[in-house]
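The values are calculated or read from the model by the stated rules, or taken from the named source; none is laboratory data. On a predicted model such as this, the values are computed, not experimentally measured, just so you know. Cβ placement follows ideal geometry from the backbone for every residue including glycine, while neighbour counts extend to all protein chains displayed. Ligands, DNA and RNA are stripped out before the accessible areas are found, and what is left, the full protein with its side chains, is counted by its heavy atoms. Shrake-Rupley method; radii C 1.70, N 1.55, O 1.52, S 1.80 Å.
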Amino acid sequence: MSAHFSFTKLVVHDLEAMSAYYQRIYGLKEFDRVQAKIEGEAIDEIMLGVDSAYGPGSIILLRFVDRPAPRPGAVILGFQTDDLDALVERTLEHGGSLHSGISESEVASVRVAFTVDPEGNLAECVQMVAPF
């Protein structure tokens, strides 16, 4: 038996707005939409990815049709970039905010910032620095 990590699902309230946000900030592309049920409860989903397929770089935004999204903070999304300053700037331009400013790690060769999407979900944004 074999298993591997494939995708992350993030439960959101405003599916369309959050899809637009993640596409603008992280350059993800919509590759599928699903309306289905989980144990009889209606859901809507938008699949986003770097390419047009499921994989470790994909995120699925899920909205439960008849209930509010859970309180944010249960998940911290991780993104890697080659230009952290530009990523933070895009975040602020498109309705996100900065949870903690850009800093250099004392334990790894990375620059890191924590951002917050319009619904309050955290993302850890990392830029590798020399010697990587």
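Numbers below:
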{"read-out": "Pairs, first over 15 Å from ASP14 (Cβ atoms) in segment 53-72, second outside any loop (DSSP other than H, G, I, E, B) and β-branched (Val, Ile, Thr), C-beta under 8 Å, six or more apart", "value": "SER58/THR8; ILE59/THR8; ILE60/THR8; ILE60/ILE46"}
{"read-out": "Residue satisfying all of: in segment 79-92; modelled with pLDDT under 95 and either within 12 Å of the chain's Cα centre (by Cα) or β-branched (Val, Ile, Thr) (or both); surrounded by the fewest Cβ atoms within 10 Å (Cβ to Cβ) among these", "value": "GLN80"}
{"read-out": "Residue list for segment 87-111, filter: touching a residue at least 24 places away in the same chain (Cβ under 8 Å) and not in a loop (DSSP other than H, G, I, E, B)", "value": "LEU87, VAL88, ARG90, THR91, GLU104, ARG111"}
{"read-out": "Matching residues in segment 99-132 - criterion: being open to solvent by less than 40 Å² (accessible area, probe 1.4 Å) and in contact with a helix residue (DSSP H, G or I) (Cβ under 7 Å, 6 or more places away or on another chain)", "value": "ALA113, THR115, ASP117, CYS125, GLN127"}
{"read-out": "Which listed residue is hydrophobic (A, V, I, L, M, F, W, C), loosely packed, with under 13 Cβ neighbours inside 10 Å, more than 18 Å from the chain's Cα centre (by Cα) and closer than 19 Å to PHE7 by Cα, from ILE43, ILE38, ILE76", "value": "ILE38"}
{"read-out": "Candidate set: segment 3-35, residues that are part of a strand (DSSP E or B) and of a type in the set (Lys, Arg); chosen: the one least open to solvent (accessible area, probe 1.4 Å)", "value": "LYS9"}
{"read-out": "Candidate set from segment 116-132 (those that are part of a strand (DSSP E or B) and modelled with pLDDT under 95); member that is farthest from the chain's Cα centre (by Cα)", "value": "MET128"}
{"read-out": "Residue, farthest from GLU89 (Cα to Cα), within segment 1-51, restricted to residues that are touching an Asp or Glu at 6+ places or on another chain (Cβ under 9 Å) and polar (S, T, N, Q)", "value": "GLN35"}
